[in-house]
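Each remark here refers to the structure printed beneath this line.
The values are calculated or read from the model by the stated rules, or taken from the named source; none is laboratory data. Computed from a prediction, not measured in an experiment: that's the story for all the values here. Because the Cβ atoms are built from the backbone with ideal geometry, glycine has one as well, and the counts that use them run over all protein chains shown.
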Amino acid sequence: MTETAVLRQRTPEERPAPPRKGSLLAGLLRTARPRQWIKNVLVVAAPAAAGELFSRHALLRLALVFVLFTACAAAVYLVNDARDAEADRAHPTKRHRPVAAGEVPVPLAYAVGGGLAVLAPATAAWLCSPVVAALLTAYVAMQLAYCVSLKHVLVVDLAVVTTGFLMRAMVGGLALGIPLSRWFLITTGFGALFMVAAKRYSEAVQMAGEAGATRALLTEYTTGYLRFVWQLAAGVAVLGYCLWALEEGGVPHTSVLPWRQLSMVAFILAVLRYAVFADRGTAGEPEDVVLRDRALALIGLAWVAMYGLAVANW
């Protein structure tokens, strides 16, 4: 039987996607997942928490770090899609990815991904500091290990994804030489775990009883366990933030109100509001949850305003 005859016998979902027309550059850009770049805005977290965000030097350095971290993340996406090209071609949705669809050749995806993985840390060592370069190198190594094997290890997969968010939050402070508060690390780390576990929980709820889960581990986790993880993480994040605000939030005599302590109210409300979507199983993508829910966005803005007033000692 000819290859053409075999393809005709397959259902549309089983047939490999035909190569898309378009430039290699456009395909490489789509493989780099521009929609995910918003996560890298976390590089401003540590400088913002320390109130050292608005100097010219800080803004330029943070813009550079954002670009370098984005390059590292793009390198991981390119290598991952090149490695999973064959498996993606059998998936009803992933088969449309540029590498799986044949728009970007597998060797080119490997080459560009490998180049970015080397170039970004090297640039950081030259323009930032060896510490930033080491963190970017560790991020790339950890994420590639995740793509190869760690994503198949229970609990470790959650820890790796959470650590990726924590690294984003740390790198801005390291680039500017800002000491990282233990409460900042606890709040950020467990806040990230809260969102990661809520995302996994939502995926598990939505795919309950369906075959072909996009993540193999979703068949190993129970919804009860994932619910326990995101509830535990949310509680620790709230506790860490409150201890941080109360310990380091002494009210200067120039402050009209104790803004840092008051920001605890907005922070807790934001966690509770996000938990509504987690409980419903609709917290698939954190950025989608924040952008589509007006109440959560307003609470976030209120928190930013109160924290900004605390930093300014108003």
(message) Checking the condition farther than 20 Å from Ala134 by Cα, surrounded by fewer than 15 Cβ atoms within 10 Å (Cβ to Cβ) and touching a residue at least 24 places away in the same chain (Cβ under 8 Å), which residue from Ala82, Ala49, Ala90 passes?
(response) Ala90
(request) Filter the stretch 1-46 down to the residues that are among the polar types (S, T, N, Q), assigned to a helix (DSSP H, G or I) and surrounded by fewer than 11 Cβ atoms within 10 Å (Cβ to Cβ), then identify the one that is modelled with the lowest pLDDT. (result) Thr4
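Residue-wise test of (1) more than 24 Å from Thr31 (Cα to Cα); (2) β-branched (Val, Ile, Thr); (3) surrounded by fewer than 15 Cβ atoms within 10 Å (Cβ to Cβ); (4) touching a Cys at 6+ places or on another chain (Cβ under 9 Å).
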| site | (1), (2), (3), (4) |
| --- | --- |
| Val112 | no, yes, no, no |
| Gly115 | no, no, yes, no |
| Val118 | no, yes, yes, no |
| Leu127 | yes, no, yes, no |
| Leu144 | no, no, no, no |
| His152 | no, no, yes, no |
| Asp157 | no, no, no, no |
| Thr162 | no, yes, no, no |
| Ala175 | yes, no, no, yes |
(request) Look through Phe66, Phe54 and report the one residue that is closer than 23 Å to Met170 by Cβ and at pLDDT 95 or above. (result) Phe66
(message) Regarding the stretch 119-130, can at least one residue be identified that is within 24 Å of Ser149 (Cβ to Cβ) and outside the structural domain of Trp314 (by TED's automatic domain parsing)?
(response) yes
(request) Inspect the stretch 305-312 for any residue being modelled with pLDDT under 85, of a type in the set (Val, Ile, Thr) and surrounded by fewer than 18 Cβ atoms within 10 Å (Cβ to Cβ) and give the result as yes or no. (result) yes
(message) Take the conditions of a type in the set (A, V, I, L, M, F, W, C), at pLDDT 90 or above and at positive phi and apply them to Val155. Does it pass?
(response) yes
(message) Looking at the stretch 259-271, I want the residues that are within 14 Å of Gly240 (Cα to Cα) and assigned by TED's automatic domain parsing to the domain that holds Leu193 and have a partner that is in a helix (DSSP H, G or I) and among the small types (Gly, Ala, Ser) with Cβ atoms under 7 Å, at least 6 apart or on another chain. Which pairs are those?
(response) Arg260/Ala245; Arg260/Ala310; Gln261/Ala245; Ser263/Ala245; Ser263/Ala310; Met264/Ala245; Val271/Ala234; Val271/Ala237
(message) For the structure I just gave you, tell me whether Val155 is free of Cβ contacts under 8 Å to residues at least 12 places away in the same chain and β-branched (Val, Ile, Thr).
(response) yes
